[in-house]
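Remarks on the structure that follows.
Derivation of every value follows stated rules applied to the coordinates shown; laboratory data play no part. As the structure is a computational prediction, the values presented were derived from the model and not from experiment. Here the Cβ positions follow ideal geometry from the backbone for every residue, glycine too, while neighbour counts run over all protein chains shown.
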Amino acid sequence: MDIGSHTAAFSVRDEAGAQGWEWCALEPTSPTEQAHGPNDRATAAALNNLAVVYWNQGRYEEALKAYGRALAIRERALGPEHPEVAQTLNNLAIVY
């Protein structure tokens with residue numbers, strides 16, 4: 001999933017719901033991380049999606065942090081040559 005595919009999905013959202021989801025994705029003990037673990041693809045995907053929300057809101061520093069965490073997880077879980085790692089690097093480049 002790249003930034004372009006999520007723009008429409010996150011352009012209309014309930015602000016209170018987005019804030020709750022943001023908390024869940026960033027906390028080290030978030031439900032996603034508890035269910036899947038800190039090095040799981042689902043955790044990385046949740047962080048990637050959170051970064052998309054931040055990017056759409058113009059919160060670029062926060063987007064970079066979330067993408068950075070997603071990248072670290074994906075590199076550990078999948079290896080540096082995996083397409084999901086390349087996708088996260090591409091998303092980071094878009095933010096820069």
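Observations on the model:
- Projected label distance in nm at Ile94 and His82, using a 7 Å step from Cα toward the beta-carbon: 2.0 nm
- Point-to-point label distance, Ala72-Tyr60, nm (Cα→Cβ direction, 7 Å offset): 2.3 nm
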